[in-house]
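What follows is a single structure, written as structure tokens, with notes after it.
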Amino acid sequence: MNAKRSNQVWDPLADSREDKRRAEAQPRTPQSTSPSYRLAYADEDFLCREELRPVRLQLELLKPEMILAEAGIRSTVVMFGGARIPEPGTDPWAAKNKTQAKNLTAAAKYYEEARNFARICSTHSLALDGQEYVVVTGGGPGVMEAGNRGAHDVGAASIGLNVVLPHEQAPNAYVTPELSLNFHYFAIRKMHFLLRAKAITIFPGGFGTLDELFESLTLIQTGRMEHVPLLLFGSEFWRSIVDFEALADFGTISPGDLDLINFVDTADQAWSIIADHYRLADQQ
């Protein structure tokens, strides 16, 4: 057995990949083909057992973290938003009636604004070192596609954090393949969205987008996360969907909590808030 180096650390122990190959090459006998004989780390049936959920949670936290760290990604700009928002000039595939078709067709402006914002953000990212302010989306269609597409437009890398759903949702074609990640656990996925976030942008969307908005707000409000810029794209949409002022008037949130939210309507407005917050003009 030859000693090896793992991440520049001397490691004289047997290599797990090599032992996996050796185990697979063993003579096939009733004993060697029994499920009980499989190496635990190479046994998918074992890893999917209910009792192994804590291990799967750890693996799902660790794998994306290692991939992003090895890619040198130091900070991100999160883009949350609806999968049903269509690209301008295309039919709203999710519409179930004329009213929805009209609303979603009008909402196509948010696709274009998301794409513009991702272009601006990614251009600034490239001007720094390409490892700061990297766009990250949910990796799917709609606003998510627009975000990854905007980064792709200017030749920048972008991240897609997809999730396994009952209906098929393949990653959109604009996610950087090496940064295209898939999740089983929504909770771990949401954690990865925020681990490197320097700003959070939320475009119009449905239950999932609302969940992401309120989890982010809760973490910032309670001091469990830095007060990063949180930008709601589409002031008319958001003010009609959530009456934040009513929450403050009722007393269930403090009036100062309203300052955690920035309403914006254009990509330029959004980037200006981020740049002012981090004094990016002073750094260039």
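The values are calculated or read from the model by the stated rules, or taken from the named source; none is laboratory data. Everything numeric here is computed off the predicted structure, so don't read it as measured data. We place every Cβ from the backbone using ideal geometry, glycine too, and count neighbours over all the protein chains shown.
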Condition set in contact (Cβ under 8 Å) with a residue 60 or more places away in the chain and among the charged types (D, E, K, R), scope region 108-121, selection farthest from I202 (Cα to Cα): answer is R119
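Condition check: closer than 20 Å to A114 by Cα and aliphatic (A, V, I, L, M). Does I202 satisfy that?
Values: closer than 20 Å to A114 by Cα: yes; aliphatic (A, V, I, L, M): yes.
Yes: the conditions hold for I202.
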Exactly one condition in (1) over 20 Å from L104 (Cα atoms); (2) within 18 Å of the chain's Cα centre (by Cα); (3) part of a helix (DSSP H, G or I) is not met by I274; state its number.
(2)
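Mind telling me which of the residues N182, N262 ends up being under 20 Å from A118 (Cβ atoms) and either over 20 Å from the mean Cα position of the chain (by Cα) or surrounded by fewer than 20 Cβ atoms within 10 Å (Cβ to Cβ) (or both)?
Details: N182 fails: under 20 Å from A118 (Cβ atoms).
Testing whether each residue is under 20 Å from A118 (Cβ atoms) and either over 20 Å from the mean Cα position of the chain (by Cα) or surrounded by fewer than 20 Cβ atoms within 10 Å (Cβ to Cβ) (or both) leaves just N262.
Which residue, of F203, F244, F250, is at pLDDT 95 or above, over 22 Å from S75 (Cα atoms), touching a Leu at 6+ places or on another chain (Cβ under 9 Å) and of a type in the set (F, W, Y)? Even if it seems obvious, please write down each step before you answer.
Details: F203 fails: over 22 Å from S75 (Cα atoms); F250 fails: touching a Leu at 6+ places or on another chain (Cβ under 9 Å).
Of F203, F244, F250, the one residue that is at pLDDT 95 or above, over 22 Å from S75 (Cα atoms), touching a Leu at 6+ places or on another chain (Cβ under 9 Å) and of a type in the set (F, W, Y) is F244.
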Residue within region 134-151 that is touching a residue at least 24 places away in the same chain (Cβ under 8 Å), surrounded by fewer than 17 Cβ atoms within 10 Å (Cβ to Cβ), under 26 Å from K109 (Cβ atoms) and over 13 Å from the mean Cα position of the chain (by Cα) present:
no
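Output the residues belonging to region 86-129 that are part of a helix (DSSP H, G or I), hydrophobic (A, V, I, L, M, F, W, C) and either under 21 Å from L232 (Cβ atoms) or within 22 Å of the chain's Cα centre (by Cα) (or both).
Of the residues in region 86-129, the ones part of a helix (DSSP H, G or I) are 98-106, 108-128.
Imposing the further condition that a residue be hydrophobic (A, V, I, L, M, F, W, C) reduces the set to 101, 104, 106, 108, 114, 117-118, 120-121, 126-128.
L104, A106, A108, A114, F117, A118, I120, C121, L126, L128, listed by residue number.
Can you name the strands (runs of 3 or more DSSP E) wholly within region 184-270 that have at least 1 residues being of a type in the set (F, W, Y)?
On the way: elements: 197-202, 230-233, 262-264.
Output list reads 230-233, 262-264.
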Close pairs from region 51-70: first surrounded by 14 or more Cβ atoms within 10 Å (Cβ to Cβ), partner of a type in the set (D, E) and part of a helix (DSSP H, G or I), Cβ under 9 Å, at least 6 apart
I67/E178
Which residue pairs have Cβ atoms closer than 8 Å, lie 6 or more positions apart in sequence or on different chains, and pair a first residue in region 208-231 that is in the same structural domain as S272 (by TED's automatic domain parsing) and crowded, with 17+ Cβ neighbours inside 10 Å with a second residue that is modelled with pLDDT under 95 and of a type in the set (D, E, K, R)?
none
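Being surrounded by 14 or more Cβ atoms within 10 Å (Cβ to Cβ) and among the β-branched types (V, I, T) is the requirement here; does T105 meet it? Let's see the steps before the verdict.
Working: surrounded by 14 or more Cβ atoms within 10 Å (Cβ to Cβ): yes; among the β-branched types (V, I, T): yes.
When the stated conditions are applied, T105 passes them.
Please enumerate the residues belonging to region 85-107 that are touching a helix residue (DSSP H, G or I) at 6+ places or on another chain (Cβ under 6 Å) and either within 17 Å of N162 (Cα to Cα) or in contact (Cβ under 8 Å) with a residue 24 or more places away in the chain (or both).
Hits for region 85-107 are I85, P86, E87, P88.
Take region 142-166 and flag every residue that is touching a Leu at 6+ places or on another chain (Cβ under 8 Å) and not polar (S, T, N, Q). Outline the logic, then answer.
First, the residues of region 142-166 that are touching a Leu at 6+ places or on another chain (Cβ under 8 Å): 154-162.
V154, G155, A156, A157, I159, G160, L161, listed by residue number.
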